[in-house]
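**Q** What follows is a single structure, and I will ask about it in a moment.
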Amino acid sequence: MTPVDERKNILTRRSFLNLSSSCLGAAAISSLMSSGASSQDQNLGGLSGVPHFAPKAKRVIYLFQSGGPSQHELWDYKPKLASMVGDELPPSVRGNQRVTAMTSGQLSFPLVPSIYKFNQHGQSGAWVSELMPHTAKIVDDLAFIKSMHTEAINHDPGITFFQTGAQLAGRPSIGAWLDYGLGSMNQDLPSFVAMVSVGSGNGGQPLYDRLWGSGFLPKKHQGVKFLASGDPVLYLSNPPGVKSSTRRRFLDDLARMNELTREEYGDPETDTRISQYEMAYRMQTSVPELSDLSDESQSTLDRYGPDVLKPGSFARNCLLARRLAERDVRFIQLFHRGWDQHTRLPSGISNQARDVDQPQAALVQDLKERGLLEDTLVVWGGEFGRSVYCQGKFTEEVYGRDHHPRCFTMWMAGGGVKPGVTYGETDDFSYNIVKDPVHVHDLHATIFHLLGIDHTKLTYHYQGRDFRLTDVHGKIVEPILA
C-alpha cells in the first residue's frame, strides 16, 4: 500500500467510526491499549502474504565488524605470498582499479604476507588463522564466503551499503525491512535491536543511528539501540516519584488523544507514537529481565569469555543476543568497532580478534545446544576487506593495509545455511575474485530467502517508484543453502 492509499484507508475508517456509536471507537482504543495484550497472536504486524514461502530461519543475529577486518590475517590463506615479501604488486593484478586517497600517492605497492600461521580445521578442512582459535573449533557449523565484493571503498558508504542496500543515507535498514514485511514475534521487546561495542583499539568509525533506522518506512520499524550503561533504553525508568500505575493512566489518556489526532489527520506516524509509548511501558519489565544475567550458569558465562560481565563488551552483547533470540526478537545486530588497521596492523588486529573470537564461537555453540541455531541465521563480516600491499612504511613485522572492496570474507551459520562449506575463490593475492563472486545485494537476497521472503517482492512505494533492499539486482547464493 502506498502512503497515499494508506492515508485514504485511514480516513475511510475515520468516517466509518464517526458514523458509528462512540463505543465502537472506545472499544478499539481499549483493545489497542490494553496492558494485558499478551494474548495477541505471536506474529504481530507485517504484510499480508509475507513470508512468501516457508522460511528456514525465524530470526537473524548479524555480527557486523566495523572497519574492514583483514581477510589476509583471518580467513583467506595465501601461501605463495611468503616467497614474494616486498615484491611489487604486479600491474596485471591491480589493473585500473582505484585505490583510496590514503595510498593513491604511494610510488610503491610492496606485497606483505600475514605474519600469522594458518591451519586447516574440522572435517571441512577450512583454513583459519591462529588469531581465531575458538572459531576454528566450530568451522563445521559455518559457511565461508571468500568472494564477497562491494562497490564502496570508504567506510561510511560501505557500512551504509551493507545495512541499507545503498551507499547514500536515507534508505531503510535491513532490520527495518524485515519488521515491515514480517512483523514481530514478541510484543514485549522490539522486533529489531542494535548494540554497539568498542574494540580494544579504542574508537573506530562512527556508527550513526540511521544504520538501524527506518528510512522512508514508517518510524515504528526502526531499530532500538540498547545502551552499554544505565538504562539499556533511554528514559525506560519512570521519573522519581512516578508510580507505574500513574504512568499507565497517563499513557491511556495520551493514547486517546493520539487516536483523535490520527482519526482527524490520517497520519500513520501517529500509530508509531502510540506503539512506541506502549512498547516502552512493556519494556520496563521485559528489558531489565533480559539484562539480568544472574540466571546464567557459571559455565555459560565462562564460555563467552572474561569480558562477558563487562557492560558494552562484545562478549556481553553476544550473550544478550542469545537471550534476545530466545525471546524471539526478529533481527539482532551487533556492531563491533575498531577493525580499521591502516598502520601497525598486527598489534591492532590481534586485540580485535581476541575481543570477538571466543564470544562469537560461544554464541554459535550456545544457540546450537539450545536448539536455536536451526532457525537462527548468524552472519559475520565487515564493510570490505584489506589490501595485499602495505600502506605506508613497510617492514615484515610491522605493516598496515588499506581498504579493499574487490574481495573479502564473510561467514554465515544456522537458519538454513549449509554447514562446513567454503564458497568462492580469490587469486593468489586475495586481490581479485576468480570464482563465484557474491555482491552485497546477493547477500541480502540470500538472507531474505532464508526468512521466506522473495527479495523482489518486498517493496515500498516512495517518490514515484517501488523501492526494495536489493534495489534492482541480487541473486540467491544457492550453493550455501542446506
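**Q** Among the candidates Thr456, Thr422, single out the residue that is among the hydroxyl-bearing types (Ser, Thr, Tyr) and either buried (at least 23 other Cβ atoms within 10 Å of the Cβ) or over 25 Å from Ala126 (Cα atoms) (or both).
**A** Only one candidate qualifies: Thr456.
**Q** Do we have Thr446 as free of Cβ contacts under 8 Å to residues at least 24 places away in the same chain and touching an Asp or Glu at 6+ places or on another chain (Cβ under 9 Å) here?
**A** When the stated conditions are applied, Thr446 does not pass them.
**Q** Only one residue in Thr300, Thr285 is farther than 29 Å from Leu182 by Cβ, surrounded by fewer than 22 Cβ atoms within 10 Å (Cβ to Cβ) and not acidic (Asp, Glu). Which one?
**A** On inspection, the qualifying residue turns out to be Thr300.
**Q** For Val308, only one of the following conditions fails: (1) in a helix (DSSP H, G or I); (2) under 30 Å from Gly203 (Cα atoms); (3) in contact with a Lys or Arg (Cβ under 7 Å, 6 or more places away or on another chain). What is its number?
**A** Among (1) in a helix (DSSP H, G or I); (2) under 30 Å from Gly203 (Cα atoms); (3) in contact with a Lys or Arg (Cβ under 7 Å, 6 or more places away or on another chain), the lone unmet condition for Val308 is (1).
**Q** Related question: Would you check if Gln365 is crowded, with 24+ Cβ neighbours inside 10 Å, at pLDDT 95 or above and not hydrophobic (A, V, I, L, M, F, W, C)?
**A** Spelling it out, it is not the case that Gln365 is crowded, with 24+ Cβ neighbours inside 10 Å, at pLDDT 95 or above and not hydrophobic (A, V, I, L, M, F, W, C).
**Q** Another one. Residues being surrounded by fewer than 23 Cβ atoms within 10 Å (Cβ to Cβ), at pLDDT below 90 and assigned to a loop (DSSP other than H, G, I, E, B): count how many of those fall in the range 187-221.
**A** Selection size over the range 187-221: 7.
**Q** Taking the condition of being under 13 Å from Phe429 (Cα atoms) and either among the hydrophobic types (A, V, I, L, M, F, W, C) or loosely packed, with under 10 Cβ neighbours inside 10 Å (or both), how many residues in the range 83-104 meet it?
**A** Here the count works out to 7.
**Q** With the requirement that a residue be part of a loop (DSSP other than H, G, I, E, B), free of Cβ contacts under 8 Å to residues at least 12 places away in the same chain and of a type in the set (D, E, K, R), what does the range 232-289 give you?
**A** Passing the criteria: only Lys243.
**Q** Would you confirm, using the coordinates I've provided, whether Ser104 is over 33 Å from the mean Cα position of the chain (by Cα), at pLDDT 60 or above and part of a loop (DSSP other than H, G, I, E, B)?
**A** In short, no.
**Q** Taking the condition among the β-branched types (Val, Ile, Thr) and surrounded by fewer than 22 Cβ atoms within 10 Å (Cβ to Cβ), does Val233 pass?
**A** yes
**Q** Just checking, which of Ser147, Ser184, Ser173 is over 22 Å from Val329 (Cα atoms) and either surrounded by 24 or more Cβ atoms within 10 Å (Cβ to Cβ) or among the hydroxyl-bearing types (Ser, Thr, Tyr) (or both)?
**A** Result: Ser147 is the single residue among Ser147, Ser184, Ser173 that is over 22 Å from Val329 (Cα atoms) and either surrounded by 24 or more Cβ atoms within 10 Å (Cβ to Cβ) or among the hydroxyl-bearing types (Ser, Thr, Tyr) (or both).
**Q** Also, I was wondering about something else. Of the residues Gly400, Gly385, Gly381, Gly414, only one is among the small types (Gly, Ala, Ser), modelled with pLDDT of 95 or more and over 30 Å from Gln106 (Cα atoms); which?
**A** Gly414
**Q** Exactly one of these conditions fails for Phe335: (1) assigned to a helix (DSSP H, G or I); (2) closer than 24 Å to Leu142 by Cα; (3) of a type outside the set (D, E, K, R); (4) in contact with a Ser or Thr (Cβ under 8 Å, 6 or more places away or on another chain). Give me its number.
**A** Answer for Phe335: the failing condition is (1).
**Q** So how many residues does the range 369-412 have that are under 14 Å from Trp339 (Cα atoms) and not in a strand (DSSP E or B)?
**A** Count: 4.
**Q** Here's a follow-up. Looking at Pro69, Pro157, Pro113, which one is within 30 Å of Gly474 (Cα to Cα), within 31 Å of the chain's Cα centre (by Cα), part of a loop (DSSP other than H, G, I, E, B) and not hydroxyl-bearing (Ser, Thr, Tyr)?
**A** Of Pro69, Pro157, Pro113, the one residue that is within 30 Å of Gly474 (Cα to Cα), within 31 Å of the chain's Cα centre (by Cα), part of a loop (DSSP other than H, G, I, E, B) and not hydroxyl-bearing (Ser, Thr, Tyr) is Pro69.
The values are calculated or read from the model by the stated rules, or taken from the named source; none is laboratory data. This structure is a prediction, so every number in the text was calculated from the model and none was measured. A quick note on method: Cβ atoms are made from the backbone with ideal geometry, for glycine too, and the neighbour counts reach across all protein chains shown.
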